[in-house]
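Single-structure report; data block below.
The values are calculated or read from the model by the stated rules, or taken from the named source; none is laboratory data. These numbers were taken from a predicted model, which means no experiment stands behind them. Virtual Cβ from ideal backbone geometry, glycine too; neighbours counted across all protein chains shown.
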Amino acid sequence: MSKFRPAGAAALALFAAFALSAPAEAAKRDNSLRFAYDQVPENVDPYFNNVRIGVIIGQHVWDTLIYRDPKTNEYKGQLATAWRWTNDKTLEVDLRQGIKFHNGEEFDADDVVYTLNFVSDPANKSVTQQNVNWIAKAEKLEKYKVRINLKRTFPAAIEYLAGPIAIHPNEYYTKVGPKGMNEKPVGTGPYRVVEHVPGKHLRLERNPDYFKASPKPQPTIAKVDIRFIPDRQTQVAEMLSGGLDFIMNVAPDQAAQMKAVPNLAVMSGETMRIVFLQMASSEKTPVAAFRDARVRKAINHAIDRQAMVKNLVGEGARVLNTVCFPSQFGCTDEGATVYPYDPAKAKSLLAEAGLAGGFDVDLYSYRERNQAEAMVGYLRAVGIRANLRFLQYAAFRDQLRGGTAAFAHQTWGSFSVNDVSASTPVFFKFEDDDVTRDAEVRDLLEKGDGSVDPAARKAAYREALAKIAERAYTVPLYSLTTFYVMANELAFTAYPDELPRFWETRWK
Amino acid sequence: MLGFAVRRIALALAVALAVSAASFILLRLSGDVATAIAGEGARAEDIAFVRKAYGLDRPLVVQYAEWLSNTLRGDFGTSLYFKTEVIGLVADKLPVTLVLGLASILFALAVSLPLGILAALHPNTWIDRLCLALAVLGQALPNFFFALCLILLFSITLRWLPVSGTGTWQHFVMPTLALGYYVAPAFMRLVRAGMIETLAADYVRTARASGLSPASVVFKHALRNALIPVVALAAVQLGFLLGGSIVVETIFALDGLGYLAYQSITYKDFPTTQAVVLLLSVVYIFLTLAADLVNAWLDPRLRVA
């Protein structure tokens, strides 16, 4: 709610000055946690929303076949005990026995088969098609064994099975469908839903029967109350008045002020969302100057990424040299050309390209306006007369895909998928968001995406990323951070996937 | 009189239709609905799928005509975002907004009537200036800022009231103050002006000369006439409060119609936006009509029209 921000920031300064304490004692006493988020999921069924809070709820209420340890990135069995590729397009999965859904329904192969076949059928209108559109069909082999047939070679399938693909109880889901699942969600996860008032709150209670073999630690906090509070200033006020114990996505300036409040702790954490400048250099580009690599390199040299991270992005962010998040499988900057901040070099490259007098260009942006404005300043300093065009995301993407925009302040969160196939190929594999169209890069990415051999994948991605950097198709900038504010009695760990794990959070 | 009423109702329907068409067009002009529903990262085929699945690939006129035809039959459709019947959504949220709107208008009247009368009885004195200052402050303060100041005082410093939510009557106190104080100045100025005018009227002078008590002159004779425009304004302001509580509902996380409107616009959920806009415009039109009738009841001279 940016329109409230100026006055809100002033009020926050007053809040911080007046707040004497934030009594989270009551919450601590009854071992509960009160958390607020600004977005409302249209449906808490993980396949029928595409907002972050939906992912957070999904991971607490449901389980996935595979689990990725956020500390080591190692894959562990969750509802599955083992899995193996029988060929490039077939995965066999052994399932864990003795698990029950929150409604008492027993978990077995029927649940996995029904869930995967239901959500991957476009007729059922799952809104997260990109998470499931690689599944051709799931088959039951035995009561606790399934086969998943893929439409194409897709090595990142394991990562998806460890992330957004939650398993529903087949009998209940057949009966109630996504609508009923939203009203009364049922999973196998560490928390069960005791009340859901859409648009207002969701009350979770620790699942007393949560299976001990789960790689998710047994939850210690007994109750989690998730409230939907749209205005961030109100969330801050609730924290200061003791009405909440945990909020996230707090603006850096607010977080800095809240550090001064007794009884509150502020934590910053890097996220998987990367930021980069996209320059349309394909034949159809509306800005001919971007066809010249010297111009693209000049732009790379013009922006002081270190200073931006230090002054604007905040603690926890890091400068990137390639268009992917470093922890993603296959992401590396090994062999990638690095362009240090050097405005003099930028000017000389522009002069070499015959643009000593600079040129006019529109920079399209849809979020972190202050960062986009800083970049406009850097570009103007080397003679590039950039004009900021700040749009809503849908309009921003339409302009870019439609070929009207050539220069974009782009960000990408990879849906928290820890595999490079969820980031770089989106912008370089001749798909909708590829404004470069380099066949050599595309083929290397195809090679990486199309193999299940980890070494071959890594080599192909490394080469593709090096070529992208050498040809300066983008300006890789930095990762973004998010700020969490919480009662300081809360023991919480932040991870780059921006998923607060309340099952491992506890009161000190 | 019957012809007048029929003309007014026809005009009201035409206004409601125009409002719904305008909101339909404006919502579509603000960006592609299918892209917004598909979300970040959706590929062209995903967006195309959403467009077809929700019937957004048909011409705008066809979509609008279908919506209108269904609405006339009482079917407001299904929310694109919440995937539930729009009528149910609106019915769920309406009570919160009604409570807030009515409480705010009562608060505004409770503050503005005494202040307006006081200012009129002491024109151009420090009392008048103080009342004027309070009125100016009410209109000059953006209600979101005033709301945050209230939170600071009552929730953070004094810890008397909860910041947000709708669980108890205490949750409605600050939203009522924030919303009511914003409309109170208009009433106060109107009461003051009306009272100054009527207090100078011949019949009031006659009432005073006949030895009636000052209270009787002010409340029985002057105030009744001064209140006529206030009644009309109260009806219009109630309509404004019902439709204009978006910011206050959002700040205090009140799950009402204003917040639903905000959400539906944000998520390009046009069936919900259309229903909310239509409902609010009909309420507004109805209240304006009701104001005319009440005015005619209070002032026999207006019944001629």
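Here are some notes:
- Total residues in the stretch B:72-99, condition touching a Lys or Arg at 6+ places or on another chain (Cβ under 8 Å) and away from every other protein chain (no Cβ under 11 Å): 0
- With respect to the conditions (1) modelled with pLDDT under 95; (2) β-branched (V, I, T); (3) buried (at least 23 other Cβ atoms within 10 Å of the Cβ), A:V146 falls short on a single one, namely (1).
- Under the condition of being in contact (Cβ under 8 Å) with a residue 60 or more places away in the chain and either assigned to a loop (DSSP other than H, G, I, E, B) or β-branched (V, I, T) (or both), the residues counted in the stretch A:193-209 number 5.
- Looking across the stretch B:76-96 at every residue that is touching a strand residue (DSSP E or B) at 6+ places or on another chain (Cβ under 7 Å) and not hydroxyl-bearing (S, T, Y), the one that is surrounded by the fewest Cβ atoms within 10 Å (Cβ to Cβ) is identified as B:E85.
- Residue match in the stretch B:246-260 (condition: assigned to a helix (DSSP H, G or I), in the same structural domain as B:T97 (by TED's automatic domain parsing), of a type in the set (S, T, Y) and touching a residue at least 12 places away in the same chain (Cβ under 8 Å)): yes
- If you go through the stretch A:415-430 and keep only what is within 20 Å of the chain's Cα centre (by Cα) and charged (D, E, K, R), you end up with just A:D419.
- Checking B:Q237, B:Q263 one by one, the residue that is closer than 30 Å to B:L80 by Cβ and polar (S, T, N, Q) is B:Q263 and no other.
- Of the residues making up the stretch B:44-75, those that are buried (at least 17 other Cβ atoms within 10 Å of the Cβ) and either of a type in the set (K, R) or outside any helix (DSSP H, G or I) (or both) are B:R51, B:Y54, B:L56.
- The listed residues are A:L141, A:L161, and the only one of them that is surrounded by fewer than 21 Cβ atoms within 10 Å (Cβ to Cβ) and closer than 18 Å to A:R84 by Cα turns out to be A:L141.
- Residue ID - farthest from A:V323 (Cα to Cα), chosen from residues in the stretch A:443-454 that are of a type outside the set (S, T, Y), touching a residue at least 24 places away in the same chain (Cβ under 8 Å) and not in a helix (DSSP H, G or I): A:V452
- In the stretch B:39-51, the residues that are within 10 Å of another protein chain (Cβ to nearest Cβ) and either farther than 21 Å from A:R397 by Cα or among the charged types (D, E, K, R) (or both): B:E40, B:R43, B:E45, B:D46
- Residue in the stretch B:1-19 that is crowded, with 17+ Cβ neighbours inside 10 Å and either within 14 Å of chain A (Cβ to nearest Cβ) or within 12 Å of B:P271 (Cβ to Cβ) (or both) present: no
- Residue within the stretch B:273-291 that is polar (S, T, N, Q), touching a helix residue (DSSP H, G or I) at 6+ places or on another chain (Cβ under 9 Å) and within 14 Å of another protein chain (Cβ to nearest Cβ) present: no
- When residues in the stretch A:218-246 are screened for being outside any helix (DSSP H, G or I), among the hydrophobic types (A, V, I, L, M, F, W, C) and within 12 Å of chain B (Cβ to nearest Cβ), 3 of them pass.
- Scanning the stretch B:192-230 for residues that are within 26 Å of B:L134 (Cβ to Cβ) and among the hydroxyl-bearing types (S, T, Y) yields one hit, B:T198.
- Among the residues of the stretch B:141-168, the one identified as surrounded by fewer than 15 Cβ atoms within 10 Å (Cβ to Cβ), in contact with a helix residue (DSSP H, G or I) (Cβ under 9 Å, 6 or more places away or on another chain) and more than 9 Å from every other protein chain (Cβ to nearest Cβ) is B:W160.
- Helices (runs of 4 or more DSSP H) lying entirely in the stretch A:1-61 (those with 2 or more residues that are at pLDDT 90 or above): A:52-61
- Within the stretch A:370-400, the set of residues being surrounded by fewer than 16 Cβ atoms within 10 Å (Cβ to Cβ) and in contact (Cβ under 8 Å) with a residue 40 or more places away in the chain comprises A:N370, A:A381.
- Filtered by the rule that a residue be at pLDDT below 95 and more than 18 Å from A:E171 (Cα to Cα), the stretch A:122-143 gives A:P122, A:A123, A:K125, A:S126, A:V127, A:T128, A:Q129, A:Q130, A:N131, A:V132, A:N133, A:W134.
- One residue from B:S69, B:S104 being touching a residue at least 12 places away in the same chain (Cβ under 8 Å) and either farther than 29 Å from A:P41 by Cβ or within 14 Å of another protein chain (Cβ to nearest Cβ) (or both): B:S104
- The one condition in (1) surrounded by fewer than 21 Cβ atoms within 10 Å (Cβ to Cβ); (2) among the polar types (S, T, N, Q); (3) part of a helix (DSSP H, G or I) that B:S112 fails to fulfil: (1)
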